[in-house]
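The values are calculated or read from the model by the stated rules, or taken from the named source; none is laboratory data. Keep in mind that this is a model prediction, so the values were computed, not measured. So basically every Cβ, Gly included, is an ideal-geometry build from the backbone, and we count neighbours across all protein chains shown.
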Amino acid sequence: MPPVRRIPILTAPTAAGKSALALQVALERGQAAGLGAALEIVSADAFTVYRGLDIGTAKPTAAERAAVPHHLLDTVEVTQPSDVAQFVQAAETAIRDILNRGRTPLVVGGTGFYLGALLRGLPLTPPSEPARRAEVEWELQERGLDALLAEIAAADPAEAARMERNPRRVVRALELYRATGRLPGHYGRRPPAFGYDVTALTRPPEELGRRIGERTRTMLQAGWPGEAGWLAAQVDPETVPLPTVWQALGYREALAVQRGALDVAQAAERITLATRQYAKRQATFIRTQLGAPLLSPEEARERLLGLTALWRGT
């Protein structure tokens, strides 16, 4: 039997180029092994799982998916819930399948909470209590996210930071805390199914900011407002609490363009600002929670090529 290898993960702040780098490495490694693509990509993104959300999530194109096999894209209808437990189960199943076929899995994504759950295992938290959860969701609407985060921070500042200002996670954390006196991170975890090796990349802040702005404008011109209008017809964006699918960055602004409430330039400015703020939080999470240094794209490429070569001895 060959030695057990750790599963490579590639992550980065949004718009840094992780998807393009993953494709490049998969094809380069395939050429070295005499294959079309020796690697298969397992997506670790909270929103590319949704069918129909293609433009606003910067989902890999049909041509890219034909060149390199991708997993965990388009697996959930926008009307259905999707959470970290579903992701971990699906990702571990996909990884096992790839390994059983003698190929190399490469996990690629920027949803830090999902990656952390893969690395450390899912928390052994008790089931949700619908009545208590509804109460916290009402408070979120009435008091706002910052007030609820302050309550978590008073109990455990590290847990508050780990929430990444995600409303759904904040609600779940407070629901648990009020019921048990413990936050999600205070519970034990089930062991992860695999070991992982994280490679992270980024770009200088000015360059990353420019890339975010350019990508945002391109997506808006490519039909993002229409995609947001389609989503609104499937899932009401005014539902309380805010549906998971509407927590994806930029969709509310894109919908405002579609409805004539914002022009494209105004929407691009707002989305770019929010995305740059999110990218900063991602970079912090990668360093502090995933324990990975942020490399340049070329450094990350060389590291990934080295890691994936170990799988085949190429």
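For the reader, a short list of remarks on this structure follows.
- Where helices (runs of 4 or more DSSP H) fall entirely within the range 82-201, those with at least 2 residues that are out of contact with any strand residue (DSSP E or B) (no Cβ under 9 Å at 6 or more places or on another chain) and closer than 16 Å to Leu290 by Cβ are at 84-100, 112-120, 157-162.
- Within the range 82-94, residues that are within 16 Å of Thr48 (Cα to Cα) sit with their Cβ atoms under 6 Å from residues that are outside any helix (DSSP H, G or I) and at pLDDT 90 or above, at 6+ positions apart or across chains, in these pairs: Ser82/Val49; Ser82/Val76; Ala90/Leu72; Ala91/Val42; Ala94/Val42; Ala94/His71.
- Residue in the range 284-304 that is surrounded by the most Cβ atoms within 10 Å (Cβ to Cβ), counting only those that are assigned to a helix (DSSP H, G or I) and out of contact with any helix residue (DSSP H, G or I) (no Cβ under 9 Å at 6 or more places or on another chain): Arg303
- Leu307 vs. criteria surrounded by 18 or more Cβ atoms within 10 Å (Cβ to Cβ), touching a Pro at 6+ places or on another chain (Cβ under 7 Å) and part of a helix (DSSP H, G or I): yes
- If you go through the range 250-265 and pick out every residue that is in a loop (DSSP other than H, G, I, E, B) and free of Cβ contacts under 8 Å to residues at least 60 places away in the same chain, you end up with 5.
- Residue match in the range 216-232 (condition: more than 30 Å from Ala161 (Cβ to Cβ), in contact with a strand residue (DSSP E or B) (Cβ under 6 Å, 6 or more places away or on another chain) and crowded, with 16+ Cβ neighbours inside 10 Å): no
- Test for Arg165: is it modelled with pLDDT under 90, at positive phi and charged (D, E, K, R): yes
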